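Throughout, read-outs are computed from the coordinates displayed, never taken from laboratory work. What you see is a predicted model, and the numbers here were worked out from it, not measured in a lab. Cβ: placed from backbone, ideal geometry, glycine included. Neighbour counts: every protein chain shown.
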Amino acid sequence: MNRIELTRSPFIKNALKSRYPQLAVFIVMLVGYIFAILSGLIGSRVGSHNFSIVFVWIAWWAILILVAVPFFGRGWCAVCPIPLPGEWLQRGAVLSPPDKRPKWLNLRVPKMFRNIWLQNISFLLLALFSSVLLTTPNITGIVLAAMLFAAIGLSAIFERRAFCRYLCPVGGFIGLYSQTAPIELRIKDKQVCVTCIGKPCYNGSSAGYGCPWDVFPGGLTRNTYCGLCLECIRTCPHDNIAINLRPFSADLAKPSTRMDEAFKAFIMLGSAMIYAGVLLGPWGAFKDAAYNVGSSAWLIYAGVFLSIIFGILPGFFTLGLLQTKSKTSLKQRFASLSTALIPLGLMFWVAFSLSFVLTNASYILAALSDPLSLGWNLFGTANATWQPMLTSILAPAQTLALVGGLIWSARTAQKAAGEVKASPIPVIVYCFIATCLMLWLLL
Amino acid sequence: MNPRFFLLLFVMAGLVVAFAPLPVLAVTPQERTFRIDARQYAYSPSELKVNAGDTVNIQLVSTDVVHGLYVDGYDVSIEADPGQSATLTFVADKPGSFRFRCNVTCGAMHPFMIGKLTVGTNSWLYRSIALASIAVIAFFPRGKKDERTVA
């Protein structure tokens with residue numbers, strides 16, 4: 001199967017080129033986001049009855065990890081409200097063509113930060129506090145507000161969407177996993193970009209803004225850093241930008257050689273396994289340790305968490321790589337072959353989230369009817385009782401996700417191994433052991 | 001040999017592993033009684049094992065706030081007030097592994113107050129691991145070929 005260009009359809013193309021449909025979605029999302037902050041701060045103290053907790057960590061998370069990322073890649077980033085206020089202030093405009101004078105400081109992000117290490121750190125920070133974050137409404141409200149203000153602050157200092165590109169804890173893993181999605185934004189003809197004068201897709205023009213994600217579309221080969229903001233579709237004077245349907249995981253055929261991305265794969269894989277054990281397992285002591293932030297038990301938990309992610313998982317992976325001969329350096333093999341962990345990690349998160357979401361989805365009904373805990377009953381469901389959903393299909397669905405992820409990873413390992421002239425077998429065995437562990441944790 | 005033949009072979013093996021009925025050891029059903037202490041946010045003991053067909057009596061004792069116990073798959077539940085106990089009785093006639101969880105909002109970590117009931121053998125886990133093994137074996141011949149190319 002090759003690519004199918006969706007933007008050949010005049011309806012899709014016009015809908016994407018016009019700013020109004022996206023703006024309408026943005027405004028709905030921004031209102032929802034601010035409402036989630038407010039309900040986190042002033043709503044029910046009980047997490048499972050608070051709109052903020054229920055809509056962010058159950059509804060949004062389910063949509064993100066089960067639908068948006070696997071099928072639309074960075075589709076969420078295309079409608080995410082977090083960068084909007086900062087971007088509007090930075091541009092001094094909401095819809096109008098850009099003013100050539102830069103607003104605010106408009107600095108370039110220092111080179112040492114132009115990678116995803118800060119996103120790795122920001123994700124890990126949230127992950128270490130996740131038991132509190134996922135269950136305590138005012139903490140969720142504060143974190144959501146902090147992300148909004150951080151995005152505004154960074155937009156005031158740096159050019160483009162510095163927060164999305166370099167700091168957002170969610171954007172890092174969405175970017176990593178977006179490589180598996182069957183959708184992409186790419187140029188149609190490279191030669192057109194080579195001869196294009198002024199590169200308006202990157203620098204902006206009277207038709208629209210320069211790429212907010214600091215990406216030159218002419219050089220795009222992977223989804224990782226394209227936020228699907230659609231500006232280049234609007235600014236390209238040659239109609240050379242396309243949105244394509246493509247096979248799943250097409251980007252992974254050419255593995256990355258970046259260590260920040262390699263460690264992101266380990267962070268996500270390890271976090272899914274740790275969450276499966278701590279949050280969904282029957283071991284109360286782990287839950288106590290994860291929840292009692294600042295206690296000695298939590299410090300041990302944090303130490304073990306970081307040791308698994310930065311020591312045990314990459315350590316065994318490296319040991320496996322050392323078992324085979326290759327002319328490629330170990331560092332390059334490590335970075336390239338960790339590409340195989342991307343589909344595995346995504347499917348680990350799908351399997352984990354299925355359990356978490358199906359068990360707790362019924363809270364959505366009550367929170368929807370009384371989002372601020374003011375005694376409202378907007379849809380007659382305020383007193384809906386908790387009831388887990390579809391528990392009979394949970395285990396088969398998780399098996400399908402995990403074994404499917406293993407097959408997907410094994411195939412990816414074969415391709416990546418071919419690129420670095422190494423054997424894929426140690427990586428396949430590694431993925432198999434990780435899958436068995438995850439099966440044991442979840443089933 | 002034809003790769004399609006191998007693929008068909010592995011798919012068939014996978015279907016057998018996933019759906020073939022397993023022999024069940026005939027065990028005389030018994031009455032099993034467990035006392036479970038519930039506190040924020042853990043059960044003790046948190047893992048129960050019974051044989052298929054056993055009658056399970058669970059005496060739930062809450063040691064701090066109101067707690068509940070709902071068994072996934074069996075759709076049965078009880079609630080216990082602080083310092084009080086409540087008893088749940090059901091016949092464990094469905095084999096497999098089931099989570100039991102608190103069904104009364106008991107605090108922040110309430111959604112994660114979880115225990116595990118295993119009825120008979122957790123055959124789904126073993127089937128899943130067998131499926132994963134078949135999936136991996138299916139990739140090995142090609143992997144070896146790649147290794148030879150490198151060497």
Check your understanding: Assigning unit charges at the beta carbon (Lys, Arg +1; Asp, Glu -1) and nothing else, what dipole magnitude in debye, to the nearest 20, does chain A show about its Cα centre?
Key -> 1440 debye
Practice item. Pick out the long, greasy-scoring helices in chain A: whole DSSP H runs spanning 20 Å or more along their own axis by Cα, mean Kyte-Doolittle at least -1.0. Key: A:19-42, A:137-157, A:259-278, A:341-360, A:391-420, A:425-442
Practice item. Would you grab the residues whose amide H sits under 5 Å from the one on A:Cys196? Only those 5+ places off in sequence or on another chain, please, with H modelled 1.01 Å from N. Key: none
Point to revise | DSSP bridge orientation in the protein assembly as shown - percent antiparallel, rounded to nearest 5 | key: 70 percent
**Study point:** Cα pair count fraction exceeding 12 Å, expressed as % - region A:41-95
**Key:** 72 percent
Study note, to complete from the structure: In terms of the charge dipole of region B:26-151, which places +1 on Lys and Arg and -1 on Asp and Glu at the beta carbon, the residue among B:Gln84, B:Pro95, B:Ala132 farthest towards the positive end is B:Ala132
Review point. Using the eigenvalues of the Cα gyration tensor, what equivalent ellipsoid semi-axes result for region A:26-147 when each is taken as the square root of five times the eigenvalue, whole Å, largest first?
Key: 28, 18, 16
Revision key, fill the gap. Cα extents of region A:121-248 along the principal axes, largest first, in whole Å, come to 53, 37, 20
Exercise for review: Summarise the partner chain shielding of A:426-434 as one whole number: the mean count of Cβ atoms from other chains within 10 Å of each residue's Cβ.
Suggested key: 3
Check your understanding: Which log10 I(q)/I(0) values, to two decimals, does region B:38-151 give at q = 0.17, 0.20 Å⁻¹ under the Debye formula with one point per Cα?
Key -> -0.81, -1.01
**Study point:** Cα-based convex hull, region A:170-230, per residue volume (Å³, whole number)
**Key:** 84 Å³
Practice item. Taking Cβ-Cβ under 4.7 Å as the only way to count a partner, pick out the unpartnered cysteines of chain A. Key: A:Cys77, A:Cys80, A:Cys164, A:Cys168, A:Cys193, A:Cys196, A:Cys211, A:Cys226, A:Cys229, A:Cys236, A:Cys431, A:Cys436
Check your understanding: Based on the Cα gyration tensor of region A:357-412, what are the three equivalent ellipsoid semi-axes, each the root of five times an eigenvalue, rounded to whole Å and given largest first?
Key -> 37, 12, 6
Check your understanding: Can you give the angle from 0 to 90° between the axis of helix B:123-150 and the longest principal axis of chain B, with both taken from C-alpha atoms, to the nearest 10?
Key -> 30 degrees
Point to revise | Residue mean of other protein chain beta carbons inside 10 Å, A:278-291 | key: 5
Exercise for review: Just rank B:Lys49, A:Lys325, A:Lys111, A:Lys264, fewest to most, by other beta-carbon atoms within 10 angstrom.
Suggested key: A:Lys111, A:Lys325, B:Lys49, A:Lys264
Study note, to complete from the structure: Reduced to Cα centres, the span from region A:54-90 to region B:28-52 in Å works out to 41 Å
Exercise for review: Show me A:249-255, B:113-119 ranked by packing, highest mean number of other Cβ atoms within 10 Å first.
Suggested key: B:113-119, A:249-255
Practice item. Pick out which of A:Glu184, A:Glu231, A:Glu419 has the largest mean-square fluctuation in a Gaussian network model of chain A, springs linking Cα atoms closer than 10 Å. Key: A:Glu419
Review point. By counting other Cβ atoms within 10 Å of each Cβ, how are A:Phe71, A:Phe348 ranked from fewest to most?
Key: A:Phe71, A:Phe348
Review point. Put +1 on the Cβ of each Lys and Arg and -1 on the Cβ of each Asp and Glu in region A:90-248; which of A:Gly208, A:Pro137, A:Gln119 then has its Cα farthest toward the positive end of the dipole?
Key: A:Gly208
**Study point:** chain A - mean residue ellipticity at 222 nm from DSSP helices (-39,500 (n - 2.57) per run, n ≥ 4, rounded to 500)
**Key:** -17000 deg cm²/dmol
Review point. What number, rounded to the nearest 500 deg cm²/dmol, is the helix-based mean residue ellipticity at 222 nm of chain B, given -39500 (n - 2.57) per DSSP H run of at least four residues and division by all its residues?
Key: -10500 deg cm²/dmol
Exercise for review: Per residue of region A:183-190, in order, report the coupling 6.51 cos²θ - 1.76 cosθ + 1.60 (Karplus, θ = phi - 60°) as ³J(HN,Hα) in whole Hz, putting x for Gly and Pro.
Suggested key: 9, 8, 10, 9, 7, 8, 9, 4
Check your understanding: Tell me, what does the Kirkwood hydrodynamic radius of region A:229-297 come to in angstroms if you use every pair of distinct C-alpha atoms?
Key -> 16.7 Å
Review point. Of A:Leu66, A:Leu390, A:Leu344, which is the most mobile in a GNM of chain A whose springs link Cα atoms less than 10 angstrom apart?
Key: A:Leu390
Point to revise | Semi-axis lengths, Å, region A:120-177, gyration tensor of Cα atoms, sqrt of 5 times eigenvalues | key: 21, 15, 8
Check your understanding: Along its principal axes, what span do the Cα atoms of region B:91-132 show, with the longest given first and each in whole Å?
Key -> 39, 29, 9
Review point. Nearest-5 percent of antiparallel DSSP beta bridges in chain B?
Key: 65 percent
Study note, to complete from the structure: Unit-weight point scatterers at every alpha-carbon of region A:262-330, Debye formula, q = 0.13, 0.15, 0.27 1/Å: log10 I(q)/I(0) is -0.46, -0.57, -1.17
Check your understanding: Under a GNM of chain A (C-alpha, springs under 10 Å), which listed residue has the highest mean-square fluctuation: A:Ile152, A:Ile65, A:Ile425?
Key -> A:Ile425
Exercise for review: Using only Cα atoms, locate the centre of region A:180-237 and the centre of region A:91-169, then give the distance between them in Å, rounded to an integer.
Suggested key: 22 Å
Check your understanding: Using alpha carbons only, how many degrees (0 to 90, rounded to 10) separate the axis of helix B:3-19 from the longest principal axis of chain B?
Key -> 20 degrees
Review point. Can you list the residues, at least 5 places off or on another chain, whose amide H is less than 5 Å from the amide H of B:Val76, using H built in the peptide plane?
Key: B:Val71
Revision key, fill the gap. Cβ-Cβ cut-off under 13 Å around A:Pro21, Lys and Arg +1, Asp and Glu -1: the net charge is +4
Point to revise | Distance cut-off 38 Å, percentage of C-alpha pairs in the protein assembly as shown lying past it | key: 37 percent
Revision key, fill the gap. Output field shielding_mean for A:131-142 (other chain Cβ, 10 Å radius) holds 2
Study note, to complete from the structure: Note: region B:1-73 at 4 °C, 1.567 mPa s; Kirkwood Rh on alpha carbon pairs; Stokes-Einstein D in µm²/s works out to 79 µm²/s
